[in-house]
Amino acid sequence: MKNIKLVNLILLALGAVVLSNCMVGPNFQKVETAAPETYRTMDHAIDSVNLPDYNAIFKDTILLTLIDSALNNNLDLQMAVSRINESRAYLGMAQADMMPSFTVGGAGAFGNTLGSFPTGQSADAWFTASANVNWELIFWGKYRRASEAAQAELTATEYGYRAIELSLIAQVANTYYSLLDYKKRLIIAERTLQTRTEFLNIIQQRYDKGIVPEIDLNQAQVQEAYAAAAIPVYTRSIAFTENALSVLIGNNPQEIITISTIDDLVTPDSIPVGLPSQLLERRPDVLEAEQLLKAQNARIGVAQAMRFPSISLTGLFGLASTDLAAFNAGDALMGSAGASLFGPIFQFGKNKRRVEVERERTEQMRLNYEKAVLSAFRETEDALVNIHTLEQEIVEIEKQLTASTNASLLSRQRYDGGITSYLEVLDADRTLFQIELYYSELQNRRLTAYTDLYKILGGSWPAETTE
């Protein structure tokens, strides 16, 4: 009889294992997206693209040092590493649910009562020790789907790390460019102030001698004060930018020593952008969104499995004795084995609604993925247009800068010769000051545009894997 029960139990276990291979819920299917054949600003399509490492894009030694420091010390990046470790731990927990659980226990008691009633017998001591095993079979693939979701979330956090890493590289570079831009503007303001102060002294002497009217003196004073007021503005901007850059590299706010000027920096070589369809294979944020969709899709299977019954196998092996020394005796052995079936019967549609919730969440993640794809295409188009138009604008601004510099010089000469009024000098000098400042800003924006394009195209990552 015992053998028959054992055989039945084994057959039950084998049958449950076979059924466990049947996973409910939809298998993940990649979302098909309609990618344009080429970018609008490209004359021809490039079949492939090999993006260089950031060391080939950013050739300024100070900038490279700052980027390396950020990759090693930035707190956002360290939090991303922690999120990867957290997801890896969740994956281990999900995989552990598929295995049997073992517990041990022991107890000791002394008395002559049964419950709260005396037995009338002499008091005895009882000692027990047991080992228990419980295995909820992987019925309907519930735990396999949970493990699938955890694996996809782990992959998503790794892509999230890469997205943060790439964004950090671009952010450090662009902040560094802004720092050089503000430093150049400060130099322009200081040089303009010096020139206007010297010219004001000349106007003051001429006014004292009655050669020029007071209005010329007042206008010269206004222009000197205007240039002087620009100096604290750019000094403040430099300090704010240095503080922001310090935090990015994981340091307390401090001065950033620079060697190069923004005029020394050159834009990187033309970056091939490849086909739009290849963009989806390089953008870590798009790949992250896809993995999050895959994880949510697996949760539908988990919810569906909860609508069906599950089988658990249990077993117990232990010792019981009134004497601790008798634990090794054969008559102290005890054991049991069994199986249990649990399943929902009627819960007013709760489990069905749980499945519907997960399906709607999956639909939301699908839409989130499609939004990420559209954003990737839009950002690339914007970046290409931005670079193209900035290059054209800089060419024209350089022409304005050359002409304005010459006009400022000629107007002063004409004023000194008594040919023109001070209004002409004032207008030429003011125009030159504004063009010089704007040209520095354009240099910054052009460098930033190339950095943004590199980031938008997916860049390259210093490390292919994250531990």
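Can you tell me the order of 78-86, 422-430 when each peptide is scored by its average per-residue count of other Cβ atoms within 10 angstrom, highest first?
422-430, 78-86
Hey, can you rank 282-294, 59-71 by average C-beta count inside 10 Å, highest first?
Highest-to-lowest ranking by the protection proxy: 282-294, 59-71.
Test of understanding: what is the full-extension gain from Ser421 to Asn406, defined as 0.36 nm times their sequence separation minus their Cα-Cα distance?
Here the answer is 3.7 nm.
Quick one: compute a quarter of the convex hull surface over the Cα atoms of segment 371-450 and quote it in nm².
Orientation-averaged projected area of the Cα hull: 6.1 nm².
To the nearest 20 debye, what is the magnitude of the charge dipole of segment 158-289 about its Cα centre, counting +1 on the Cβ of each Lys and Arg and -1 on the Cβ of each Asp and Glu? Please list the in-between numbers first.
On the way: 11 positive and 17 negative charges, 52 e Å.
The calculated dipole for segment 158-289 is roughly 260 debye.
For Thr258 and Glu214, what is the calculated FRET efficiency with R₀ set at 60 Å and r taken between the beta-carbons, to the nearest 0.05? Mind showing how you got there, number by number?
Details: r = 44 Å, r/R0 = 0.73.
Result of the calculation: an efficiency of 0.85.
Modelling each spin label as a point 7 Å along the Cα-to-Cβ direction, I'd like the Asn201/Gln29 distance in nm, to one decimal.
The answer from the label model is 8.2 nm.
Subtract the Cα-Cα distance of Thr61 and Thr267 from 0.36 nm times their separation in residues, and report this length gain in nm to one decimal.
On the way: separation 206, 0.36 × 206 = 74.16 nm, distance 1.49 nm.
Gain on stretching Thr61 to Thr267: 72.7 nm.
Rank these residues by their accessible area, most exposed first, probe 1.4 Å: Lys183, Lys371, Lys352.
Details: Lys183 50, Lys371 135, Lys352 100 Å².
My answer, sorted largest first, is Lys371, Lys352, Lys183.
The values are calculated or read from the model by the stated rules, or taken from the named source; none is laboratory data. This one's a predicted model, so the numbers in the text were calculated from it and none came from an experiment. As a convention, Cβ positions derive from the backbone with ideal geometry for all residues, glycine included, and neighbour counts pool all protein chains shown. Ligands, DNA and RNA are excluded from the accessible area calculation, which covers all protein heavy atoms including side chains. Shrake-Rupley method; radii C 1.70, N 1.55, O 1.52, S 1.80 Å.
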